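As structure tokens, the structure follows; a few thoughts come after it.
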Amino acid sequence: MTLLAIEGLTGGYGGADILHGVDLRVEPGEMVVIIGPNGAGKSTLMKAAFGLVKIREGAVLFERRDITALRPDQIVRQGISYVPQEQNVFPSMTVEENLEMGAFIRNDDIRPQMDRIYTFFPRLAERRDQVAGSMSGGERQMLAMGRALMLEPKLLLLDEPTAGLSPIFIDQTFERIRKINEAGIGILMVEQNAKQALAVCDRGYVLTMGRNRVDDTGPNLLANKDVAEMFLGG
Amino acid sequence: MATDLLQLAIYGVVSGSILTLGAIGVSLIYGILRFAHFAHGDLMAVGAYFAFSLVAGLGFPLWASAPFAVAGTALVAVAIDQTVYRRLRRVSPIILLISSFGIAIALRSVVQLIWGPHNQVYASGIQLPWRVGDIVIKPDHVWIVLGAIVLVTALHLFLTRTKMGKAMRAMSDNMDLALVSGIPSERVIVVTWAVGGGMAAVAGIFLGMDTRLHPVMGWSLLLPVFAAAILGGIGRPYGAIAGGMVIGLAMEMSTVVIDPTYKPAVAFALMVLMLIVRPQGLFKGNP
Amino acid sequence: MELGGLLTYGVFFLTQAGIYAVLALGLNVQYGLTGQINIGVAGFFAVGAYTSAILTTATSSAHLGGFDLPFLVGIAGAMAASAIVAVGIGWVTMRLRSDYLAIATIGIAEIIRLAFKNEEWLTNGVRGIPGIPRPFVETLGADPLISLGVVLGFILLGYWMVERARRSPWGRVLRAIRENEDGVMAAGKNVARFRLQAFVFGSSLMGMAGGLYAHFLGFISPEAFMPLYGTFLVWVMLIAGGAGNNRGAVLGAFAIWMLWSATDSLTRELGAEYATQAGALRVLLIGVLLQVILIARPQGILPEHGRRKGSR
Ligand SMILES: Nc1ncnc2c1ncn2[C@@H]1O[C@H](COP(=O)(O)OP(=O)(O)OP(=O)(O)O)[C@@H](O)[C@H]1O
Ligand SMILES: [Mg+2]
């Protein structure tokens, strides 16, 4: 059963449409990457999947259920978590509180999952009582991911998880995302580091000006001449 | 002179306690809904009069009527939000502010309609004050300060120990992220109004104990309350404590040198000074 | 009521409504064009009224002056004095969010009220200033119709000034600031300066209205200004008429003043023993009316030109 299916999505922020009939799908356990130039509508597509954008036409299906009209808090309950591109932590709250907020809708014991996240991101365990606003960019990115994982989602949406990180941190982050994916969590991520992203993903989509441009497997896209010219630095 | 100043400082702490309770509510609401709630002073008056009805009408002692007044005022705040503010929330914070100005006027008219335009007091007669050397301390003043300490502590525990309290801080920190984390914003907003309204009711009751009840009592306090909230960094409930104390003390101590009529001007001057040198407040607010 | 009485009442009614129309035009410059919130309208109004009164009354030992100057000098002084107060308050708040301006104007209005009540050397305190001459009384006589004509003339003047300002490049910058402050700042414009200019311009019109009021009544005292209700009525007038639209501001002033006066005669039926309740009920009605307008027709009777419905 297809995990996420976006079908002919058209919409925007109330003014002119930003997305024009975008199609996209993520199969269970798959890692899918979206690349494209700045302003192509990648973030907008992520937000649209999460009920944060006005959708005029098309549909978003999650495990074949139509979630197009649901509110974000209802979508979270379906098993999708989302890490926005910017401002993705609660700055005045501690690491631990951030994780708790990620699990707001859970009423069972969240300790075991929190411990798992601390094991996965040991840095967060060291900083559990520090306020998020005083952490480094890389640490915040970990926290943002940890927050999203608190719900043990079936699908994780990541918007540029490596933006602004140093090369070592970027490698680490891709490694972690791969591990999350190996645990069976579907991943849909937007990435600027196209080369690395395409190397680890199953499939990729190229988005330009709010439209599907190319989609193919990761290796094929890496080998694609047009794509290489556009995004991979020749 | 020294005892005079000490005496004024005591009054300052008392009015600072009242201002703090009001400013915390203003700050909480600002943090989550991003607008200056101009009807907050009049909510205080509503709380004070609710308690008055129970005291004067049913012969309740004041301490026993306070919980009912708090619940009643919280309910009024939530009802106003659900009937009016909720519909305007998506429009803009400026419209909310204007609407709350209208609500302030309407609430005051309701108070006048129900309880009349005249001064009222909870208990007539003069309380026997305690004397410590040359310092005079009224029992009511002790209750006010203790009550404020208990409430502020309770609020602190609520904000740091409960899931709902943390959700309130989360929404005030980053509204969009709170939404995508699945925090049910409407429920948190309702709780915010209940807490803010409840604190306003206590502030109103304390103000009534300290002075008297009058339909304009709340509006008159709005300026110092906002001055306290801004001084502490608006949107930062903890800053409101410091802000409330500074404004309360400054207003009372200033009477040494200037006419007491101009106490509001002192609050205003401090606020303006703060806006010039450090608009984000003592603690970083949301300018 | 016989015809003569009705006519007198009509003149009286129109004159008062006209003064409110000038106030609404002033607020329209601040809120309608620029998006600034002034909750201290009554303060600027009072500054204008007292300034003109002090400038034009005969010399008196009871208050500052009077200086026995002509009516028009009084009005000019009223505008200047309100403008000076506005410069002071605006200088502090123009760089900040509009909420801070709103709070600051409450403060300034309160301080003005306290000062006019307590500084007897300046204003004769609660006893007020009597004997303010009617406009052009020496040349045209004291007919109330003259006052009405003068007030209508000033509405036209105010309307002409604000409408010209609105259509000018300056007015376009103000609206651009209201819609997208960062964009205007990025275009290299000094946003704070434009805001300050609009605030001062609007406040001087409020001062003008205050001056007209003083000459129209002939006597002013702190009690004559229902400070808060005055401010509130002006807001309801502007929102009801259509913020951003000058004809809307004037229309709103007349419509709401008619409503306000009508409720007065309604509540008078209740009798004197319920006078205070009746007063409160009137205010409550207007308070509820504002909420209804904000929810059901936020753009007002005459929406701003070129504005999409509900897009504020
Ligand atoms: N909140 C918003 N309101 C209105 N328009 C917006 C908003 N956010 C983005 N846009 C517009 O939508 C278009 C697509 O933006 P989007 O953020 O989706 O691009 P992106 O592909 O994520 O770019 P980047 O690589 O820079 O993150 C842009 O033209 C942008 O200006
Ligand atoms: Mg993006």
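The values are calculated or read from the model by the stated rules, or taken from the named source; none is laboratory data. Keep in mind it's a predicted model, so treat the numbers as computed, not measured. Note: ideal-geometry Cβ built from the backbone for every residue, glycine included; neighbour counts use all protein chains shown. Ligands, DNA and RNA are stripped out before the accessible areas are found, and what is left, the full protein with its side chains, is counted by its heavy atoms. Shrake-Rupley method; radii C 1.70, N 1.55, O 1.52, S 1.80 Å.
Have a look at B:P67, B:Q127, B:P215 and report the one farthest towards the positive end of the charge dipole of chain B, computed about the Cα centre with Cβ charges (Lys/Arg +1, Asp/Glu -1). Of the options given, the answer is B:P67. Roughly how many Å is it from the Cα centre of the stretch C:260-295 to that of the stretch C:134-185, as a whole number? The stretch C:260-295 and the stretch C:134-185 have Cα centres separated by 30 Å.
When you filter the trypsin sites (Lys or Arg not before Pro) in the stretch C:231-310 for DSSP loop state and at most 11 other Cβ atoms inside 10 Å of their Cβ, you are left with C:R308, C:K309. For the stretch A:57-103, the set of GluC sites (Glu not before Pro) satisfying both a DSSP loop assignment and a count of at most 12 other C-beta atoms within 10 Å is given as A:E86.
Helix-derived [θ] at 222 nm for chain C: sum -39500 (n - 2.57) over DSSP H runs of at least 4, divide by residue count, nearest 500? Mean residue ellipticity at 222 nm (helix-derived): -23500 deg cm²/dmol.
To the nearest ten degrees, helix B:263-277 and the longest principal axis of the Cα atoms of chain B are 40 degrees apart. Heavy-atom accessible area buried between chains C and B is around 3800 Å² (1.4 Å probe, both sides summed). What fraction of the DSSP beta bridges in chain A is antiparallel, stated in percent and rounded to the nearest 5? In chain A, DSSP labels about 55 percent of beta bridges as antiparallel.
The phi torsions of the stretch B:187-197, fed into the Karplus equation with coefficients 6.51, -1.76 and 1.60 and a -60° offset, translate into couplings of 5, 5, 5, 4, 5, 4, 5, 4, 5, x, x Hz, rounded to whole numbers, with Gly and Pro shown as x. Per atom type, chain B shows carbon and sulfur on 70% of its accessible surface, probed at 1.4 Å.
Scalar couplings 3J(HN,Hα) for the stretch B:81-90, obtained by applying the Karplus form with A = 6.51, B = -1.76, C = 1.60 to θ = phi - 60°, are 4, 6, 7, 10, 4, 4, 6, 9, 4, 7 Hz; x denotes Gly and Pro.
Rounding to the nearest 20 debye, state how big the charge dipole of the stretch C:11-296 is about its Cα centre with +1 on each Lys and Arg Cβ and -1 on each Asp and Glu Cβ. Write down the numbers at each step before the final one.
Numbers: 18 positive and 15 negative charges, 189 e Å.
The calculated dipole for the stretch C:11-296 is roughly 920 debye.
Show which aspartates and glutamates lie in cross-link reach of A:K225 when reach means a straight Cα distance below 14 angstrom and same-chain residues fewer than eight apart are skipped. Straight-distance partners of A:K225: A:D215, A:D216. Gaussian network model of chain B, Cα springs within a sub-10 Å range: biggest mean-square fluctuation belongs to which of B:L157, B:L273, B:L128? Per the Cα network of chain B with a 10 Å cutoff, B:L128 tops the list.
Can you list the trypsin sites (Lys or Arg not before Pro) in the stretch A:31-96 that are in a DSSP coil and have 14 or fewer other beta carbons within 10 angstrom?
On the way: sites: A:K42, A:K47, A:K54, A:R56, A:R64, A:R65, A:R77; in loops: A:R64.
Here the sparse-neighbourhood loop sites are A:R64.
So what's the back-of-envelope 222 nm ellipticity for chain B, counting only DSSP H runs of four-plus at -39500 (n - 2.57) apiece and dividing by all residues, rounded to 500? Helix-only estimate at 222 nm: -24000 deg cm²/dmol.
Where does the charge balance sit around C:M94 when Lys and Arg score +1, Asp and Glu -1, over other residues with C-beta under 9 Å from its C-beta?
Details: positive: C:R95, C:R193, C:R195; negative: none.
Its environment carries a net charge of +3.
With the other protein chains left in place, how much accessible area per residue, in square angstrom, belongs to the stretch C:11-296 at a 1.4 angstrom probe? Don't jump to the answer; show the numbers that get you there.
Values: 10870 Å² over 286 residues.
Here the residues of the stretch C:11-296 average 38 Å² of exposed surface.
Shown are A:E152, C:E110, whose ranking by accessible area with a 1.4 Å probe and every protein chain present, most to least, is A:E152, C:E110.
Normalised per residue, the accessible area of the stretch B:37-117 is 35 Å², obtained with a 1.4 Å probe and no contribution from ligands, DNA or RNA. Between amide H atoms placed 1.01 Å from N, distances below 5 Å from C:Q36 occur with C:Y31, all of them 5 or more places distant or on a separate chain. Each listed q (0.17, 0.18 Å⁻¹) maps to a log10 I(q)/I(0) for the stretch A:110-234, found by the Debye formula over equal Cα scatterers with no solvent: -0.92, -1.00. Cross-linked pairs A:K179/B:K166; B:K263/C:K117; A:K47/B:K163; A:K154/A:K179: Cα-Cα separations exceed 24 Å for A:K179/B:K166; A:K47/B:K163. The Cβ shell under 10 Å around B:G182 holds other residues with a net charge of +2, Lys and Arg each +1, Asp and Glu each -1.
Report, as a whole number in µm² per second, the diffusion coefficient that Stokes-Einstein gives for the protein assembly as shown at 25 °C and 0.890 mPa s using the Kirkwood radius over alpha carbon pairs. Rounded to a whole number, D works out at 83 µm²/s. Electrostatic bookkeeping for A:F174 treats Lys and Arg as +1 and Asp and Glu as -1; over the other residues with beta carbon under 13 Å from its beta carbon, the sum is -1.
Rounded to the nearest 20, the Cβ-based charge dipole of the protein assembly as shown about its Cα centre (Lys and Arg +1, Asp and Glu -1) stands at 800 debye. For the stretch C:11-296, the residue among C:F154, C:A214, C:L266 whose Cα projects farthest onto the positive side of the dipole built from Cβ charges is C:F154.
Of the beta bridges in the protein assembly as shown, as assigned by DSSP with both residues counted there, near 60 percent are antiparallel.
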